[in-house]
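Here the structure is laid out as structure tokens; the discussion comes afterwards.
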Amino acid sequence: MGKFILKKCLMIIPMLFIISVLVFFAIRMTKADPVSWLIPADVVVSEENMEALRARYGLDAPLYVQYFRWIGNILRGDFGKSIVGGTSVATIIARSLPATFELAFGALIISSVIGITLGVLSAIHQNGPVDYIGRFIAVLGTSMPQFFFGIIMIQIFAIKLGWLPIGGRTDPSVVTFWDRAKYLILPTLTMSIAMISTLLKYSRNSMLEVLNKDYIKTARMKGISEKRVYITHALRNALRPVMVIIIFRLPLLIGGSVVIESVFSWPGISTQIVGATTSGDYPVIMVTTLLIAATILVSSVLLDIITALLDPRVRLGKE
Amino acid sequence: MEKKQITSSLWKRNLRKFFNNKLAVLGLAIMLVILFCCIAAPLITDYLPNAINLKELTQAPQSGHLFGTDKQGRDVFSRVLYGGRTSILIGVISSLMGSFIGVALGAIAGYFGGIIDAILVRISEIFSTFPQLILILVLVSIIGPGVFSLIVIFGVTGWMTTFRMIRTEFITLREETYVQVARAFGMSKRTIMFREILPNAFSPVIAATTINVAGFILSEAGLSFIGLGVPSGTPTWGNILNAAKGVDVITNFWWLWLIPGIVLSLFILGVNFVGDGLRDVLDPKQL
């Protein structure tokens, strides 16, 4: 087992290396000269000055030298500076990442609670009203663009009813917990909808499968109350695969926040990436992408390890 | 001759099974109606999607303008129809391209196994651990926005599902007797892979490709909504919905976002129902 974990962890290093090379070269191989982003379009600059500028940013060295300089700096904790605002990339990330995490965790909690509850109830009352409501929500979640759902929520709860703010994360008058929380409700709810439908389908199927197992029949034959059959016997076994899905979803939620952050003008990391993409702010794009890739890679390795710990078949069957 | 009869009766059985699925038929109907209206757009509406009419700005839906007009006085009904053409085209072509890449790589990985398989699986893992939208953003920043680049980007980022499907099928099928007989006959590897094994591994791919069409149309809408998809000169469902980024539009001009959003959602719903129906018929192993 220790060997298995060690092997999995060691795999992260070459994967991260490959991803960093890909990110760096993909972004730097574009035709556009990074220096040209620094100069307003209407200013004429002599070739000499351009060279000087390039030398100042270390852009005159061969690409591979630049790569090692860049990755070396990152390993030492120096993430570079944004070429648009001049702020250090570390500051940008420190400012925006917590906002995205807040959103992702909120969505994860809401969607787990609603998705699993509805999924389990749909399985218990198969073809009953709850099952139909569940199916309807699942269809809605997979067919509606998230931003469209978000706009509808804004129209109803922020504009028509005026209960919740239209967007943003906070305002200067914030004092109580509720003041902060009300900014979070609409974006997290919107973000949850797609995941609720995934979790709902998954936990419904998993529960149905378990309910057909022999040990459930045995438990029923022993005369245990239906409630206890569901809670102590079925639920525990049905939810194990669902848990794996939930952990696996967190990184996807961070990536999926791009559109949500845009709809609700949420100042998260995706907003930064989109902004950097439109303005060609390559130091920001490179570091943020690398960071997200690293997070996802690490969490998927953790997921593999957790799955293996939970289920010896995975460990012994494949590796 | 006899073989043909068997396949045709299998076809008939599958068709009957598909048409017995009420949701799938409903989905097919919705999908075809919207698709037909988009293709026949010039016959259905006289307005051009980009024709600006400053006399009729932000008119609510009425008899002349079924879905109203937008802030430049363009007819929303016409924009939704013409926009659907581009959106559906992007979805279909990208999905076909993704499946093509996935099938080709999956066949190679599954058939040859060993080191080639290991490398291809690693690559697909790297692609699928990246959140797709982030990957797309990076690629958009490299090759720039546009219909063509979106198709390329979606194709390149959307091949992993079919890859996995075909690979697993090939791993089981390559040990079958008929494949070994083909090998003993000295057939070329390419013939064995694509003529002998592939037809037996292909049916799950059809359902997956259909469902991917829906996914890519949604991705296009999302990207165009945040302004990184198709440039605003070409109408697409995402570009039309982009108007709803302003709070004034959400508050005052509901027809500019609600109607296009509903049409888009209905189409996706239809495609998903059809895809689920196809999966029930063609790929009974999947849930």
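The values are calculated or read from the model by the stated rules, or taken from the named source; none is laboratory data. Small disclaimer: the values here were computed from a predicted structure and weren't measured. Note that each Cβ is placed from the backbone with ideal geometry, even for glycine, and that neighbours are counted across all protein chains shown. All accessible areas refer to the heavy atoms of the entire protein, side chains included, with ligands and DNA or RNA removed. Shrake-Rupley method; radii C 1.70, N 1.55, O 1.52, S 1.80 Å.
In what order, largest first, do A:204, B:164 sit by accessible area if the probe radius is 1.4 Å?
Details: A:204 40, B:164 125 Å².
Heavy-atom accessible area, descending, gives B:164, A:204.
Its relative contact order, with pairs defined as Cα atoms under 8 Å and 6+ residues apart, puts chain A at 26 percent.
What is the average number of partner chain Cβ atoms found within 10 Å of a Cβ in A:157-163? Present the calculation step by step, with values, prior to reporting the outcome.
On the way: counts 0, 3, 4, 1, 0, 0, 0.
Counting other chains' Cβ atoms within 10 Å and averaging over A:157-163 gives 1.
Is there a pair in A:227/B:17; B:55/B:245; A:182/A:227; A:81/B:245; A:7/A:201 whose C-alpha atoms are over 26 Å apart, and which pairs would that be? Over 26 Å apart, Cα to Cα: A:227/B:17; A:182/A:227; A:81/B:245; A:7/A:201.
Using mean Cβ contacts within 10 Å as the protection proxy, how do A:182-192, A:153-163 order, highest first? Spell out each step's value before the answer.
Details: A:182-192: 22.3, A:153-163: 15.0.
With the highest mean Cβ count within 10 Å placed first, the list reads A:182-192, A:153-163.
Taking a ≥ b ≥ c as the square roots of the eigenvalues of the Cα gyration tensor, the protein assembly as shown is rounded, since a/c falls below 1.5.
Once each part is reduced to its C-alpha centroid, what is the distance from the range A:112-162 to the range B:213-283 in angstrom? When both Cα centres are located, 18 Å separates them.
Over chain B, with a Gaussian network built from C-alpha contacts below 10 Å, which listed residue (B:15, B:241, B:264) shows the highest mean-square fluctuation? In the Gaussian network model the winner is B:15.
Among A:78, A:214, A:304, the largest mean-square fluctuation in a Gaussian network model of chain A (Cα springs under 10 Å) belongs to A:214.
What is the average number of partner chain Cβ atoms found within 10 Å of a Cβ in A:137-150?
Details: counts 0, 0, 7, 2, 0, 8, 12, 8, 14, 4, 12, 14, 2, 2.
Mean partner shielding for this stretch: 6.
Each Lys or Arg adds one and each Asp or Glu subtracts one; over the other residues with Cβ under 9 Å from the Cβ of residue A:99, this totals 0.
Spatially, the range A:42-94 and the range B:75-117 are offset by 37 Å when compared through their Cα centroids.
With r defined as the distance between the Cβ atoms of residue A:225 and residue B:232 and R0 fixed at 51 Å, what FRET efficiency is calculated, to the nearest 0.05? Please list the in-between numbers first.
Working: r = 62 Å, r/R0 = 1.21.
It comes to 0.25.
Chain A: percent of C-alpha pairs farther apart than 25 Å?
Numbers: 32063 of 50721 pairs.
Here the long-distance tail beyond 25 Å is 63 percent of all Cα pairs in chain A.
For the chain pair A and B, buried accessible area totals roughly 3300 Å², probe 1.4 Å, rounded to the nearest 100. Computed from the C-alpha gyration tensor, the three semi-axes of the ellipsoid equivalent to the range A:101-143 are 23, 12, 5 Å, from longest to shortest. Assuming R0 = 45 Å, what is the FRET efficiency of residue B:247 and residue B:112, from their Cβ-Cβ distance, to the nearest 0.05? E between residue B:247 and residue B:112, to the nearest 0.05, is 0.20.
Taking a ≥ b ≥ c as the square roots of the Cα gyration tensor eigenvalues, with a/c under 1.5 meaning rounded and otherwise prolate when a/b beats b/c, else oblate, which class fits the range A:58-196? Each step should come with its number before you reach the end.
Values: a/c = 2.94, a/b = 1.85, b/c = 1.59.
Verdict is prolate for the range A:58-196.
Which value, in debye to the nearest 20, gives the size of the charge dipole of the protein assembly as shown about its Cα centre, when Lys and Arg are +1 and Asp and Glu are -1 at the Cβ? Write down the numbers at each step before the final one.
Numbers: 53 positive and 35 negative charges, 444 e Å.
Computed about the Cα centre, the dipole is about 2140 debye.
Okay, helix-only estimate at 222 nm for chain A: each DSSP H run of n ≥ 4 adds -39500 (n - 2.57), divide by all residues, round to 500 deg cm²/dmol; what do you get? Don't jump to the answer; show the numbers that get you there.
On the way: 13 runs with 232 residues, N = 319.
Value at 222 nm, helices only: -24500 deg cm²/dmol.
Neighbouring Cβ atoms from other chains, within 10 Å of the Cβ of residues in A:257-263, number 5 on average.
Report the equivalent ellipsoid semi-axes for chain B in whole Å, largest first, defined as the square roots of five times the eigenvalues of the gyration tensor built from alpha carbon atoms.
Details: eigenvalues 352, 107, 39 Å².
Largest first, chain B gives 42, 23, 14 Å.
Computed over chain B with a Gaussian network model linking Cα atoms closer than 10 Å, the most mobile of B:18, B:185, B:163 is B:185. Local charge for residue B:124 was computed over the other residues whose Cβ lies under 13 Å away, with Lys and Arg +1 and Asp and Glu -1, and equals +1. If R0 is 35 Å, the Cβ-Cβ spacing of residue B:16 and residue A:125 corresponds to a FRET efficiency of close to 0.70.
Surface composition of the range B:86-153: carbon plus sulfur atoms hold 82% of the accessible area, using a 1.4 angstrom probe and ignoring ligands, DNA and RNA. Were the residues from residue A:71 through residue A:44 laid out at 0.36 nm apart, the gain over their Cα-Cα distance would be 6.4 nm.
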